[in-house]
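Participant: Got a structure here, written out as structure tokens. Questions coming.
The values are calculated or read from the model by the stated rules, or taken from the named source; none is laboratory data. On a predicted model such as this, the values are computed, not experimentally measured, just so you know. Here the Cβ positions follow ideal geometry from the backbone for every residue, glycine too, while neighbour counts run over all protein chains shown. Surface areas here come from the heavy atoms of the whole protein model, side chains and all, with no ligands, DNA or RNA. Shrake-Rupley method; radii C 1.70, N 1.55, O 1.52, S 1.80 Å.
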Amino acid sequence: MKFTKILALVLAVVMCFGILAACGTKPAEDPANDANETADAPANDDAKVFKMGTNAAFPPYEYKEGEEFVGIDIEIATAIAEKLGGTLEVVDMEFDSIITAVNQGEVDFGMAGMTVNEERLLEVNFSSSYATGVQSVIVAEDSGIASIDDLAGKKIGVQLGTTGDIYATDDYGAEFVTQYGKGADAVIALKGGDVDAVIIDNEPAKAFVAENEGLTVLDTEYAVEDYAIAVKKDNTDLLDDINEALEALTADGTIDTIIAKYIKAE
Ligand code: ARG
């Protein structure tokens, strides 16, 4: 009797462990399941999610339509991610945080209508250029400001950390320059008379003027620049992959199609 009781107990304990073990073990990860999480991801177990650091307040390159990120850079980056067998995740942040985010590995690359310049080249590598940008000047229609020279002694609004900020500060002096977190905020300041002009990239300038009555973009090119994708210096594999993807997307007309969708020829 006693023996059978003990045996039963032992059996019960063994069975319990068996059940616990069975219940405690997570089913082996099924790579095929990953594809269900992101509907468009290729059914590929090493599909990578590429994180793009940007500042989505810069139409037509990156901006939000409701909750959705749209624009030239978003679409080009999506096409690059797809070419590289992955998907894109947009990480929205302040423009002047993007290079730091790239270098700290918070994002894989930075793409934000970002101009290639000497200072930034000390911190990151840039892909080949995918677009041209032009620094432009927005003024009130009745301002009397007709050229770059008329800006001397005037109050100038810029987006913090942009090339417009750098040039305006160099050319006119920091005391004349007010830095705003977003280009749109500089434009609001211009409308409110807090600044006399806004220096910003040409396409966003046109977009902001289209939305705000009484403003105009001067017919001058303050600076002509190249936009490119910023990658961490030691991440040369990704830089090469991005450049290859860009080359293919240029050759097959994808880049032109995306740009033409957002920038109508005049
Ligand atoms: N092209 C300018 C620069 O690189 C302005 C870019 C601002 N981009 C943005 N997404 N806010 O400094």
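Participant: Given H placed on each backbone N at 1.01 Å, which residues far from Asp196 in sequence or on other chains put an amide H within less than 5 Å of it?
Facilitator: Placed amide hydrogens put Lys155, Ile156, Gly157 under 5 Å from Asp196.
Participant: Round to the nearest 10 and report in Å² the accessible area of Lys64, as given by a 1.4 Å probe over the protein chains' heavy atoms.
Facilitator: Near enough 90 Å² of accessible area.
Participant: For Glu118, Glu89, write out the residues from largest to smallest accessible area, computed with a 1.4 angstrom probe and no ligands counted.
Facilitator: Heavy-atom accessible area, descending, gives Glu118, Glu89.
Participant: Report the accessible area of Glu119, computed with a 1.4 Å probe over the heavy atoms of all protein chains in place, in Å² rounded to the nearest 10.
Facilitator: The accessible area of Glu119 comes to roughly 100 Å².
Participant: Just to verify a number: what accessible area does Phe176 come out at with the full protein assembly present, 1.4 Å probe, Å² rounded to tens?
Facilitator: 60 Å²
Participant: If packing is taken as the average count of other Cβ atoms within 10 Å, what order do 78-87, 222-231 fall into, highest mean first? If you can, show how the numbers build up before the last one.
Facilitator: On the way: 78-87: 19.0, 222-231: 21.2.
The densest-packed peptide leads the list: 222-231, 78-87.
Participant: If amide H atoms are built 1.01 Å from N in the plane of the peptide, which residues on other chains or at least 5 residues away come under 5 Å of the amide H of Leu215?
Facilitator: Sorted by chain and number, the residues that satisfy this are Glu141.
Participant: Find the centroid of the Cα atoms in the range 176-244 and in the range 151-169, then give the distance between the two in whole Å.
Facilitator: Measuring centre to centre over Cα atoms gives 11 Å.
Participant: Shifting gears a bit: R0 = 30 Å: FRET efficiency of Glu175 with Glu65, Cβ-based, nearest 0.05?
Facilitator: Calculated transfer efficiency: 0.20.
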